[in-house]
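Each value in this text was obtained by applying a stated rule to the coordinates, not by laboratory testing. For clarity, every value in this text was computed on a predicted model and none was experimentally measured. FYI the Cβ positions are ideal-geometry reconstructions off the backbone, even for glycines, and counts take in every protein chain you see.
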Amino acid sequence: MTIFVFECVRILDKIEYGSATDEDVLIFRILNPLVKLYNAKMAIPIISEAIECIGGQGIIEETGIPYLYRDVQIFAIWEGTTSVLSNDVLRAIIKTKGECLKALMANIKRRLEPICNGNDEQLKHSGEKVWHSTEKLFRLIESQPSTLELGGRDFAFSLSNLFVSTLLLENVATDWHLMGDVQSIIDYHRIQTIRFINSQDLTPFLTNFNLNEYSPSIRQTYFAALK
């Protein structure tokens, strides 16, 4: 999503100009593979939906949209496949001895605190959902880090969902400062943010762990069935 990309660009800009904090550097190390993995995957259904919205013209070559649909398929390959980028996320965690993950959690907490302690009940409910999901995710990997190897992809998408949700909530909470009287735009952002958070499974890693998907015995059963 665009908000994810621009947040990474903002941090990278600080790093290149020497104004980044230690937290910025740590966060960027884990966000770099996450933003490529997440956006490469999300671009495919988004372009597909755009074609459907436009209708018949969406498949006419002269519009340029079929070119976009074909081109977007390559993002998940030349930016690094989902599995490769998931391994890079785990590599970042190992090389920083978990510090990049702690920095990301602290960043999410700092952004969500004013929302969770605010008076807007709708945003507060969504903020609490994101934060509770974040806490559960981090507690699980602290207690059972071995699951990361088997559930690396789900873990990467879970982190991405939680961080994007946090950015969206923060953006909605400050919209009225930036946009003045443009209430329709503010309402649209608010609806889309709440829909994003509440209409999907933000943490597939937790869901599949509870389904015992990362059990070595389950994996052995899968592999045996393929023979």
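Structural remarks
- Cross-link table 36/102; 36/97; 14/109; 14/41; 97/129, entries beyond 25 Å C-alpha to C-alpha: 14/41; 97/129
- D_trans [Stokes-Einstein, Kirkwood Rh over alpha-carbon pairs] for the chain, 10 °C, 1.306 mPa s, µm² s⁻¹: 82 µm²/s
- The packing ranking, built from the mean of other Cβ atoms within 10 Å per residue, places the peptides 118-124, 165-171 in the order 165-171, 118-124, highest first.
- Scanning the chain for long hydrophobic helices, with DSSP H runs required to stretch 30 angstrom or more by C-alpha along their axis and to average at least 0.5 on the Kyte-Doolittle scale, returns 22-54, 152-179.
- Most mobile of 38, 69, 188 in a GNM of the chain (Cα contacts under 10 Å): 188
- Calculated mean residue ellipticity at 222 nm for the chain: -26000 deg cm²/dmol, from DSSP H runs with n ≥ 4 weighted as -39500 (n - 2.57), summed, divided by the residue count and rounded to 500.
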